[in-house]
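Worksheet for the structure shown next.
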Amino acid sequence: MEDPKDKVVSFYDQFSEKQEKTGINSRHLSILDKVVMAGLKSHHRVLEVGCGIGTVSYLLANLVKDGEVLAVDISPESIEKARALWKDQSNLKFEVSDMSDFQKIGQSFDFIVFPDVLEHIPVDQHQRLFQTIQQHANQDSVVFIHIPSPRYLQWMIENEPEKLQVIDQPLDSGDLIKSLTANGFYLEKMETYSVFYEEKDYQYFVFKATKPLEKSTPRSKWEVLKERISIRLKYGIIK
């Protein structure tokens, strides 16, 4: 009987050819944009989980010119292609890993990026995965998660299953938040938005390491007043 993991590895070894033909698309660029908005800086150390052939990895490495990117994937074939494609990117490294064996003693990452990979990992493995992430986080770490929106993925399952991957499961946002919270992170931002379809086909989450607030900083009175005036004008409120 075939090991489920071997089946997944075999699928993504073959899928790597399709990724190479696709190149950089709108989804990749959207992930990059959202990660930057979440606070990515040029000196950050980034861990990307589920990198495929390294398309997003390359984009991230170009931004963290004073930092570095470590990108991992379950597929040896994908990692081999990634190393060949991006061999000139000196601050970008690739490793074969399904994260069950991931251990970098004494190392932490400023950003951990999941670019549409969690929906392909069985939910019963998520808790252990996030425990591993917590072990490699620091007090300012950010976890960025990008997934298909559950409603849209459910539509795909029911209407276009032939376009899906070997494992493609809608993820419950509440369960995802609960899992990250249990492992030392809090939800900073979440949005469901459109990339390829009007029906809002993707979601992203920004989690930050939980730590006590050190201070309370009031906004300037002018900024608050300007915002209040803007809302009044927008809705015609005169009283």
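The values are calculated or read from the model by the stated rules, or taken from the named source; none is laboratory data. All of these numbers come straight from a predicted model, not from anything done at the bench. In this analysis, Cβ positions are derived from the backbone assuming ideal geometry, glycine residues included, and neighbour counts consider all displayed protein chains. Surface accessibility is based on the protein's heavy atoms, side chains included, excluding ligands, DNA and RNA. Shrake-Rupley method; radii C 1.70, N 1.55, O 1.52, S 1.80 Å.
Results, tabulated for the structure shown:
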{"item": "Some residue of segment 139-162 being of a type outside the set (D, E, K, R), closer than 15 Å to ASP116 by Cβ and open to solvent by 40 Å² or more (accessible area, probe 1.4 Å)", "result": "no"}
{"item": "Odd one out for LEU70, checked against (1) modelled with pLDDT of 95 or more; (2) within 14 Å of GLN19 (Cβ to Cβ)", "result": "(2)"}
{"item": "Pair list, Cβ under 7 Å, 6 or more apart: segment 65-83 residue over 18 Å from ASP116 (Cβ atoms), other residue in a strand (DSSP E or B) and not aromatic (Phe, Trp, Tyr)", "result": "GLY67/ARG45; GLY67/VAL46; GLU68/ARG45; LEU70/LEU47; LEU70/LYS93; LEU70/GLU95; PRO76/VAL96"}
{"item": "Test: residue in segment 58-67 that is at pLDDT 95 or above, open to solvent by less than 20 Å² (accessible area, probe 1.4 Å) and either within 27 Å of LYS178 (Cβ to Cβ) or not hydrophobic (A, V, I, L, M, F, W, C) (or both)", "result": "yes"}
{"item": "Hey, ARG228 assigned to a helix (DSSP H, G or I) and either touching a Lys or Arg at 6+ places or on another chain (Cβ under 8 Å) or not β-branched (Val, Ile, Thr) (or both) or not", "result": "yes"}
{"item": "In segment 104-113, the residues that are crowded, with 16+ Cβ neighbours inside 10 Å and of a type in the set (A, V, I, L, M)", "result": "ILE112, VAL113"}
{"item": "Within segment 1-99, helices (runs of 4 or more DSSP H) holding 2 or more residues that are more than 20 Å from the chain's Cα centre (by Cα) and of a type in the set (S, T, N, Q)", "result": "4-22"}
{"item": "Whichever residue in segment 212-223 is outside any loop (DSSP other than H, G, I, E, B) and charged (D, E, K, R) and, among such residues, is least open to solvent (accessible area, probe 1.4 Å)", "result": "GLU223"}
{"item": "Residue that is nearest to LYS208 (Cα to Cα) [pool: residues in segment 18-56 that are of a type in the set (Gly, Ala, Ser) and surrounded by 19 or more Cβ atoms within 10 Å (Cβ to Cβ)]", "result": "ALA38"}
{"item": "Matching entry among PRO150, PRO122 (being more than 22 Å from THR22 (Cβ to Cβ), over 13 Å from the mean Cα position of the chain (by Cα) and at pLDDT below 95)", "result": "PRO122"}
{"item": "Test for ASP101: is it open to solvent by 10 Å² or more (accessible area, probe 1.4 Å) and in contact with a Pro (Cβ under 8 Å, 6 or more places away or on another chain)", "result": "no"}
